[in-house]
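Only one structure is covered here, and it is reproduced in the block below.
Just so it is clear, none of the values below were taken in a lab; they were calculated from the coordinates. Everything numeric in this text was worked out from a predicted model, so none of it was measured. FYI the Cβ positions are ideal-geometry reconstructions off the backbone, even for glycines, and counts take in every protein chain you see.
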Amino acid sequence: MTHVLVTGGTGHLGRDLVARLVRDGHRVRVFARSPQNAIDVEWAIGDLATGEGLQPALKDVDTVINAATFSPIARRGGIRPVDFFKSPAAVDVAGTARLLALCGEANVRHFVHVSIVGLDEASLPYGRVKLAGEQLVRESSLPWSIVRAMPFYYLLEKMLAGLTWLPVWPVPTTVFNPVDTSDVADYLARCAFDGRRGMRAEIGGPEDLSLAEFSRQYQRARGINRPVLPLPLSATAARGMGFVVRNGVRGKLSWSAWLDQRFAAVEEAA
Ligand SMILES: NC(=O)c1ccc[n+]([C@@H]2O[C@H](COP(=O)([O-])OP(=O)(O)OC[C@H]3O[C@@H](n4cnc5c(N)ncnc54)[C@H](OP(=O)(O)O)[C@@H]3O)[C@@H](O)[C@H]2O)c1
C-alpha cells in the first residue's frame with residue numbers, strides 16, 4: 001500500500017483527488033491548514049507558507065502530490081486590477097521550495113506537481129508565480145512529474161456567475177477546452193503510479209468551444225437569457241489568458257453535463 005501525501009487536499013481538485021486515491025486503496029494523508037470532514041484519511045495540519053507542520057507530515061510517505069496553490073483570482077472567482085500587477089508567492093514558490101527540500105530529506109520516491117497549461121506565455125502574475133514553482137520542481141533532484149491542466153469548470157462557472165448582473169455579456173470568441181477536476185484527479189492518480197516521470201501529457205476537457213458558447217450553455221442551465229457579445233481577442237492575448245486548446249489527454253465530462261450536476265445539486269440543497 002503506497003502512502004501518499006496530498007497538499008491542497010481540501011481544494012476543488014484536491015477533494016476529488018483524495019476521494020479517488022482512497023477508492024484506489026492508497027493510504028492518504030492530507031496536508032491542510034484545517035481539517036475537513038472526510039473519511040479514511042489522515043490529517044497533517046500545517047501551513048505551506050510558513051513550513052509549519054511540513055516535516056512530520058512527510059514521515060513514511062512514498063509519493064507526494066502537490067495540489068496546493070494560493071490564487072486570489074480563483075478564490076474570489078474574478079479578476080481585479082491588482083491581479084495584473086502582483087500575486088502572492090508564499091505558497092506556490094516558497095512553499096514548493098520548502099516542500100521539495102523536505103521531500104529530499106524524507107526520501108520521497110515521486111513528487112507529482114500540479115500545474116497549468118500555457119504558463120510559458122502567461123500574462124498574469126499568478127501564471128508567472130506558477131511557472132517559478134514549476135521551475136523549482138524541474139531543477140530538483142527528486143524523481144518528479146509535472147501535470148499541466150486546462151482551467152477547471154468550477155472556475156469558469158464562478159467567472160460567468162460574476163457576469164449575471166450585466167444586461168449584455170461581452171466574452172472573447174477564442175476557443176478553449178476547460179476540464180473538470182474529477183477528470184484531472186483520475187489522470188493525476190494514474191500519473192502518480194504508472195512508473196513514468198517528467199513532463200506529462202497535458203490534460204484538457206472533451207470539447208473545444210468558444211467562451212461565447214460556454215456562456216450560452218451556462219445561461220441555459222441557469223435559466224437566464226442575456227445577449228452574448230462575442231469579442232475578438234488577438235491570438236497572443238488569448239494564449240496569455242489561457243485560451244488555448246490542448247489535445248494531450250482529454251477528460252470525459254462535458255460542460256453541459258457538469259452544469260446539470262452542479263445545478264441539480266443546488267436545487268437539492270434548496
Ligand atoms: N483552478 C483552475 O482552473 C486550475 C487549472 C489548472 C491547474 N490548476 C492547479 O490545480 C491545483 C489545484 O487548484 P484548485 O483550483 O483546486 O485550488 P483551490 O480550490 O483554490 O485549492 C487550493 C488548496 O491549496 C490549499 N492552500 C492554500 N494555501 C495554503 C497554505 N498556506 N498551506 C497549505 N495549504 C494551502 C488550500 O487550503 P485551504 O482550504 O486551507 O485554503 C486548498 O486546499 C493548483 O496547483 C492549481 O494551480 C488550477
Review point. Put +1 on the Cβ of each Lys and Arg and -1 on the Cβ of each Asp and Glu in the chain; which of 237, 100, 116 then has its Cα farthest toward the positive end of the dipole?
Key: 237
Exercise for review: Could you tally the net charge around residue 48, taking each other residue with its Cβ under 10 Å from the Cβ of residue 48, Lys/Arg +1 and Asp/Glu -1?
Suggested key: -1
Exercise for review: Enumerate the amide H contacts of residue 71 below 5 Å, restricted to partners 5 or more residues apart or on another chain; note that Pro and chain-start residues carry no placed amide H.
Suggested key: none
Check your understanding: For the stretch 165-253, what does the alpha-carbon gyration tensor say about shape, rounded, prolate or oblate, given a ≥ b ≥ c as the root eigenvalues, a/c under 1.5 as rounded, and a/b over b/c as prolate?
Key -> oblate
Point to revise | Contour minus Cα-Cα distance for residue 75 and residue 252 (0.36 nm per residue) | key: 61.2 nm
Check your understanding: Hey, with R₀ at 51 Å, roughly what FRET efficiency would residue 40 and residue 236 work out to, going by the Cβ-Cβ distance, to 0.05?
Key -> 0.65
Practice item. Counting only chymotrypsin sites (Phe, Trp or Tyr not before Pro) that are in a DSSP loop and have at most 12 other C-beta atoms within 10 Å, tell me the longest site-free stretch of the chain. Key: 166-270
Point to revise | the stretch 1-128: relative contact order in percent, alpha carbon pairs under 8 Å with at least 6 residues between | key: 25
Study note, to complete from the structure: Between residue 115 and residues 5 or more places away or on another chain, the pairs with built amide H atoms under 5 Å apart involve 147, 148, 149
Practice item. Please list the non-local residues whose amide H lies under 5 Å from the amide H of residue 199, H modeled 1.01 Å from N, same-chain partners needing a gap of 5 or more. Key: 146
Practice item. Could you tally up the Lys pairs in the chain with alpha carbons closer than 29 Å? Skip any pair fewer than 8 positions apart unless they're on separate chains. Key: 6
Practice item. Would you calculate a helix-derived [θ] at 222 nm for the chain, using -39,500 (n - 2.57) for each DSSP H run of n ≥ 4 and dividing by the full residue count, to the nearest 500? Key: -11000 deg cm²/dmol
Practice item. Note down the nm distance, to one decimal, between modelled labels 7 Å out along Cα→Cβ at residue 265 and at residue 27. Key: 3.0
